[in-house]
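What follows draws every value from the coordinates through simple rules; no lab data is involved. Please read these numbers as outputs of a predicted model, since none were measured by experiment. Using ideal geometry, Cβ is built from the backbone for each residue, glycine included, and neighbour counts are taken over all protein chains shown.
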Amino acid sequence: MRTKLFKHALMPLLMLLSLAAVASAADNANLKAGVFSPPRAAPDFSLHGSNGTELKLNRYRGKVVILAFGFTSCPDVCPTTLAVLAQARKQLGEKGDEVQVIYITVDPERDDAERLRNYLGSFDPTFIGGTGTSEQLAAVCQNYGIAATRITRETDYAFNHSSYTYLIDREGNLRALMPYGQTPDAYVHDVKILLKQ
């Protein structure tokens with residue numbers, strides 16, 4: 001009899017857990033970016049911010065963070081991505097205030113805080129850049145699986161680098177990886193889902 005009562009009492013709980021799991025999976029399935037399943041904590045870092053303060057990821061808890069890597073001398077991939085992110089933030093309207101774009105350089109030799117601030121400001125003045133020593137940035141890149149290979153040219157140099165962006169939720173968890181070439185609408189779609197959670 002006790003076993004029957006226990007099973008009977010346990011059924012609603014199991015149903016609720018199943019529904020929660022399905023709802024969570026449905027949210028992830030609805031994201032256009034590739035999802036982290038299960039989500040995991042985004043590695044924190046301490047860099048020099050383009051806004052003149054220490055740049056730490058945990059300072060943006062409560063916001064959805066879009067994390068990108070690149071360099072200010074990038075001829076096409078970086079400006080394309082940043083223009084898309086600026087347009088997406090604009091399309092979000094007031095909700096855009098709940099989103100923080102962070103852009104970490106792979107070129108500490110040229111990209112100091114002032115250069116990052118000027119560069120990012122031409123896309124959206126709320127974007128924050130991060131720079132530091134070569135060792136600091138190499139550690140951040142390693143933690144996020146970012147490859148950046150320096151290529152020497154006749155008069156200067158450039159980088160081949162990973163071009164995807166990370167979507168990090170309000171609690172600081174890695175939720176999705178957006179490949180290069182997505183539209184502002186794709187970002188708006190995924191950010192709205194993450195803002196509701």
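Which cysteines in the chain lack any other cysteine whose Cβ sits under 4.7 Å from their own Cβ?
CYS141, each lacking another Cys Cβ under 4.7 Å.
Show me the helices of the chain, taken as full DSSP H stretches, that run 20 Å or more along their long axis by Cα and average -0.5 or above in Kyte-Doolittle hydropathy.
Numbers: long enough: 2-30 (42 Å, 0.69); 77-91 (21 Å, 0.37).
Passing helices, by number: 2-30, 77-91.
Describe numerically, in nm with one decimal, the distance between label points set 7 Å from Cα along Cα→Cβ at SER73 and at SER46.
3.0 nm
Computed from these coordinates, which is mean projected area of the Cα convex hull in nm²: (i) 13.1; (ii) 10.8; (iii) 10.2?
Of the labelled values, this structure produces (i).
Where the only charges are on Cβ atoms (+1 Lys, Arg; -1 Asp, Glu), what is the dipole of the chain about its Cα centre, to the nearest 20 debye? Numbers along the way, then the final one.
On the way: 21 positive and 20 negative charges, 246 e Å.
The dipole of the chain has a size of about 1180 debye.
Hey, which aspartates and glutamates would be in cross-link range of LYS90, C-alpha to C-alpha under 15 Å, not counting anything within fewer than 8 residues on its own chain?
Leaving aside aspartates and glutamates fewer than 8 places away in the same chain, those within reach of LYS90 are GLU98, ASP124, ASP185, ASP190.
Multiply the residue gap between ASP112 and LYS196 by 0.36 nm, knock off their C-alpha separation, and tell me the result in nm, one decimal place.
On the way: separation 84, 0.36 × 84 = 30.24 nm, distance 3.54 nm.
Contour length minus Cα-Cα distance gives 26.7 nm.
How far, in nm, would the chain grow between ILE151 and ARG61 when pulled straight, counting 0.36 nm per residue and subtracting the alpha carbon separation? Write down the numbers at each step before the final one.
On the way: separation 90, 0.36 × 90 = 32.40 nm, distance 3.61 nm.
Using 0.36 nm per residue and subtracting the Cα-Cα distance, I get 28.8 nm.
Quick one: of the DSSP bridges fully inside the chain, what percent are antiparallel, nearest 5?
On the way: 21 of 31 bridges.
Once the DSSP bridges in the chain are tallied, antiparallel ones form about 70 percent.
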